[in-house]
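Undergrad: Submitted below is the structure of interest, expressed as structure tokens.
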């Protein structure tokens with residue numbers, strides 16, 4: 001799983017604490033301690049039953065209860081607000097509802113491609129193919145986008161491509177891969193260009209101060 005504090009991936013060795021049983025069946029708290037930052041990720045589990053080891057059987061729902069949303073890191077300011085909101089919500093709810101998280105990630109991905117990649121608006125799968133065909137992405141990002149296109153199985157589920165913001169069934173790890181692709185593209189299209197522009201502006205200012213402006217400026 002991915003730690004909701006530090007965002008580091010780690011192998012989860014979850015432990016379960018039995019809370020009790022009510023009209024909604026069995027309640028347990030799932031605890032996952034991140035080895036990187038040493039903090040707990042706590043989820044409230046509702047299930048049909050539990051095993052001797054207090055592991056949930058026929059899990060019905062899960063809800064992240066710690067860390068709280070106010071403790072989670074925000075999206076970098078270089079990212080447009082509507083895209084940032086989709087991304088942060090998708091990241092927040094991935095443990096609770098992978099389907100809803102994947103829908104938000106797909107919607108944000110489409111916004112990014114239309115805003116920065118110069119795609120012709122259409123189905124999301126077609127837009128992803130347009131970006132790959134344009135060869136504007138470095139190889140490692142192209143491979144990530146190809147993986148998301150393959151795992152998304154858009155041709156078998158055309159509504160997922162035609163209405164990316166709607167909730168559709170997802171394959172195992174699909175929601176997580178969507179977030180990885182989105183994070184990488186946000187960095188490529190928004191964050192790194194802003195950082196580079198800031199560095200160039202600083203260098204230009206320093207050169208002008210010593211009477212050596214950049215050629216052509």
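Laboratory data are not the source of any read-out in this text; all were calculated from the coordinates shown. The structure displayed is predicted, hence computed values, not measured ones. With ideal geometry, Cβ positions are generated from the backbone for all residues, glycine too; neighbour counts draw on all protein chains shown.
Undergrad: Taking a quarter of the surface of the convex hull around the Cα atoms of segment 1-124, what do you get in nm²?
TA: It is 9.7 nm².
Undergrad: Next up: Report the Cα centroid-to-centroid distance between segment 143-217 and segment 107-123 in angstrom, as an integer.
TA: So the two Cα centres are separated by 11 Å.
Undergrad: Using the basic label-point model (7 angstrom from Cα toward the beta carbon), what is the residue 7 to residue 156 distance in nanometres?
TA: In this crude label model, residue 7 to residue 156 measures out at 3.1 nm.
Undergrad: Oh, and also: For the chain, set up a Gaussian network in which alpha carbons nearer than 10 Å are linked by springs, and say which option among 191, 57, 93 fluctuates the most.
TA: Largest GNM mean-square fluctuation: 57.
Undergrad: Calculated FRET efficiency, residue 115 and residue 66, Cβ-Cβ r, R0 45 Å, to nearest 0.05?
TA: Between residue 115 and residue 66 the formula returns 0.85.
Undergrad: Now, a different point. Which ordering of 79, 29 is given by a fewest-first count of other beta-carbon atoms within 10 Å?
TA: In increasing order of surrounding Cβ atoms, one gets 29, 79.
Undergrad: Turning to a different aspect of this structure: What FRET efficiency comes out for residue 14 versus residue 195 if R0 is 35 angstrom and r is the Cβ-Cβ distance? Round to the nearest 0.05.
TA: Numbers: r = 37 Å, r/R0 = 1.07.
Result of the calculation: an efficiency of 0.40.
Undergrad: Starting from the Kirkwood radius over alpha-carbon pairs of segment 1-72, derive D by Stokes-Einstein at 4 °C in a medium of 1.567 mPa s and give it in µm² s⁻¹. Spell out each step's value before the answer.
TA: Details: Rh = 12.7 Å.
In µm²/s, the coefficient rounds to 102.
Undergrad: Further question on the same structure: Can you give me the P(r) profile for the chain? Cα pairs, bins 5 angstrom wide beginning at 0, each as a whole percent.
TA: Final binned percentages: 1, 7, 12, 15, 15, 13, 11, 9, 7, 4, 3, 1, 1, 1, 1, 0.
Undergrad: As a footprinting exposure proxy, order 209, 1 by other Cβ within 10 Å, with the fewest listed first.
TA: Ordered by Cβ neighbours within 10 Å, fewest first: 209, 1.
Undergrad: Choose one answer from 80, 35, 98: the residue with the largest mean-square fluctuation in a GNM of the chain with alpha-carbon springs under 10 Å.
TA: 35
Undergrad: Taking the chain as a Gaussian network, Cα atoms linked when under 10 Å apart, which of 107, 156, 84 shows the biggest mean-square fluctuation?
TA: 156
Undergrad: Please say if segment 139-190 is rounded, prolate or oblate, where rounded means a/c under 1.5 for a ≥ b ≥ c the square roots of the C-alpha gyration tensor eigenvalues, and otherwise the choice is prolate for a/b larger than b/c and oblate otherwise?
TA: It comes out prolate by the Cα gyration axes.
Undergrad: Follow-up. Hey, fewest Cβ within 10 Å first, where do 52, 181, 17 land in order? Spell out each step's value before the answer.
TA: Values: 52 5, 181 24, 17 12.
With the sparsest Cβ surroundings first, the list reads 52, 17, 181.
Undergrad: Could I have the simple spin-label model distance between residue 184 and residue 54, label points 7 Å from Cα toward Cβ, reported in nm to one decimal?
TA: Simple spin-label model gives 3.9 nm for this pair.
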